1. Starting from the Cα gyration tensor of region 193-238, take the square roots of the eigenvalues, sort them a ≥ b ≥ c, and report rounded, prolate or oblate (rounded when a/c is under 1.5, otherwise prolate if a/b is larger than b/c, else oblate).
2. Accessible area per residue, 1.4 Å probe, Å², for the chain: what's the number?
3. Express in nm, to one decimal, how much length is gained between GLU350 and TYR144 on full extension, taking 0.36 nm for each residue of separation and deducting their alpha carbon distance.
4. At a 1.4 Å probe, what is the % contribution of carbon and sulfur to the accessible area of region 266-394?
5. Counting other Cβ atoms within 10 Å, keep those with at most 14, restrict to DSSP loop, and tell me which trypsin sites (Lys or Arg not before Pro) in region 383-427 are left.
6. So which lysines can LYS128 reach, going by Cα to Cα under 25 Å and dropping same-chain residues fewer than 8 places off?
7. Grab the Cα-Cα distance for GLU379 and GLU299, subtract it from 0.36 nm times how many residues apart they are, and report the gain in nm with one decimal.
8. What lysines does LYS417 reach when the alpha-carbon gap must be under 21 Å and sequence neighbours fewer than 8 apart in one chain are set aside?
Amino acid sequence: MSNVRVRFAPSPTGFLHLGSARTALFNWLYARRVGGTFVLRIEDTDNQRSKKEFLDEILKDLKWMGLDWDEGPFFQSERSSLYMPHAEKLLEKGLAYKDGEAIIFKVADDQIIEVEDLIHGKIIFNTKEIKDQVLIKSDGSPAYNFCCVIDDNDMGITHIVRGDDHLSNTPKQILFYKALGFNVPKFAHMPLMMGKDGTKLSKRHGGVAVFEYKQEGFLPEALANYLMLLGWMPKDGKEILALDEAVKQFDISDINNVQAKFDVDKLKWINGEYIRQKKAEELRAPIMQKMEEEGYRKENIDKEYLLRIIELYKERFRTFSEFLTLTTCFFKDDYVMDEKAFQKNLSKEESKKCLAEFAKALKEVKEFTSKNIEECCRELSERTEIKAAQFIHPTRTAVSGMLGGAGLFEMMEVLGKDKVIARMEKWSI
Ligand code: GLU
């Protein structure tokens, strides 16, 4: 065990943001890398905005991503009696004064505060820009920066790894550490995560909260993998790496000093890589869950049938949502008919004739296997001297509503003879 102690300190005033998830991840990676301790602290002093549902979801999302904590969760709201004695001590020392019921910290003018930030390097602050700081508000509640310092000290935090949005808090907190006679921990501030276009991350970029990606059907390994690449790159440049592999290589000082840009397409690519590493059976349960969320009834999903479809499409989808879009025709008879596909493959008189001919020939196929279907198509093409493609394209669109997809004959086999022929006949008149 090393004596390194880091913490993740979310405020349960909203869902776990991707940026915060990355902060948690980097803290976790560092703790695991050095054999240190990862502490979870819930900063829930804002009574109005803190909600139990946010807290529950934050804890669930951390676990979902594979981030476990060694100590906590500690709740700031349960520690409220601990802050006042420290404020009183500062009053006694003459470092703070009272303003009504409030206790205010005196900030001496024109002092230099130097921080050796592990990511940014040396940062110099001047107290000229810092006004006197509230420690205890007039209603008796402690101010955020004060709680944070006392908690971090009580919890023995050695390294504070957090986003650049807290950089302006750092000199104020350092003043408190020194005034209280605490050891000042090391700081590492990560540049914020932005959208792909360089603007603040928003819904427009694909979502801002971890649970949105969970709901969308991303794999936790893929999200964790992608988040760690936002600001850090393994030395060998290998981008697909699981948490346990990253643990072997990670160091805080390797975090980039530039803003990371979140690109949902890259995340989808990584997710696709993880999907392909999995066996169809492993994907079945999460896909079934996604299907239930989308309104399918569990008892109506044939597990074997689903497995065959996953196998057929495994190389083609990057998310479970994409899987469902690509495979609707296997689960619903009222699948959407793509307008372009219809115009191209089903609107012309010859296409309808070909479809009818092929459907007729298929009725004679006894064992409806992809091999026999293909054979039937080839024979029909030879007999009629019409190219096989003239049968294949209208059939694909008739049975699936789409222009592309998995191999047509395999799709037809999985769909089954009755469904295939009924759909072909429907579109051939
Ligand atoms: N509670 C703060 C937040 O959620 C974190 C404070 C810190 O890391 O020092 O942004």
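1. oblate
2. On a per-residue basis, the chain sits at 49 Å².
3. Gain on stretching GLU350 to TYR144: 66.8 nm.
4. Details: 3550 of 7620 Å².
Solvent-exposed carbon and sulfur of region 266-394 make up 47 percent of the total.
5. Numbers: sites: ARG383, LYS387, ARG396, LYS417, LYS419, ARG423, LYS426; in loops: LYS387.
Listed in order of number, the matching sites are LYS387.
6. LYS89, LYS93, LYS98, LYS106, LYS137, LYS172, LYS178, LYS186
7. 24.8 nm
8. Candidates past the 8-residue exclusion: LYS303, LYS332, LYS352, LYS353, LYS360, LYS363, LYS366, LYS371, LYS426.
The values are calculated or read from the model by the stated rules, or taken from the named source; none is laboratory data. Just so we're clear, the structure is a prediction, and the values are computed from it rather than from any experiment. Because the Cβ atoms are built from the backbone with ideal geometry, glycine has one as well, and the counts that use them run over all protein chains shown. When the accessible area is computed, the model is the full protein with side chains, heavy atoms only, and any ligands, DNA or RNA have been set aside. Shrake-Rupley method; radii C 1.70, N 1.55, O 1.52, S 1.80 Å.
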